[in-house]
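The numbers here are math on the coordinates, done by the rules we state, and not lab data. Everything numeric in this text was worked out from a predicted model, so none of it was measured. Reconstructed Cβ throughout: ideal geometry from the backbone, glycine too, with neighbour counts over all protein chains shown.
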Amino acid sequence: MLVRQKIQGPSLNGLHITRIFLLVMLVISLLAGCNVYKFTGASIPPDVKTVRVQYIENKARYNNPQLSPQLTDKLRQKIVSQTKLTQVNNDEADFDISGAITQYDVSTSGISNQQVSTNRLTVSVSLVLLNRKKPGEQPRNISASRSFDFSASLTLTQAERQLNDEIIRNLTDEIFNQLFSDW
């Protein structure tokens, strides 16, 4: 059997793909560098460089002692890791975020055979964003509320242990999206 081999220069297909790839990378770089688009989804005015996230107090009727420090810490971490903002702890921050947990209530959400089968924990947070780069502008109010269902066979303490990471993650994501997706 005779095998023929065609000797060519660089493949036109390979050259075409390389050019398209380079063009796409150039466009992405330009868009990211011009603050037109950010891959984290966070849209922040270019003159804003610093943020202060004040301690989120628990002003709800029921006080879960772990929730305030964990929510505050997770929100700080998310802002620093997913934006170009620098966390500061003084009154000179460009963005100043303060707020409180305003609701932490349990209610019945499911009944089976005339017995409570599912309970619902509802957690709400109210925040205020002060933009010091725009002194005449009113502070922006932000509210986040999430509900978490759990088996009625669990005590509240057991449910809190089980749901804690989900509560912190979901509230942090919702707060972050409301803070930085609306410019």
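What the table below lists for this structure:
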item: Förster radius 45 Å - calculated FRET efficiency between Q82 and T108 (Cβ-Cβ, nearest 0.05); result: 0.75
item: Alpha-carbon centroids, region 50-92 and region 102-134: separation in whole Å; result: 19
item: Where labels lie 7 Å past Cα in the beta-carbon direction, separation of S143 and N63 in nm; result: 2.4
item: Extension reserve of the D73-N90 stretch, reckoned as 0.36 nm per residue once the Cα distance is removed; result: 4.5 nm
item: Two-site label geometry, S153 and Q178: point separation in nm, points 7 Å out along Cα→Cβ; result: 3.5
item: Label zone at V128 (point 7 Å along Cα-to-Cβ), backbone N below 15 Å, region 142-183; result: 142-143
item: Compactness of region 50-180 as Cα Rg over 2.2 N^0.38 Å, two decimals; result: 1.19
item: Neighbour-count order for L85, L163, fewest beta carbons within 10 angstrom listed first; result: L163, L85
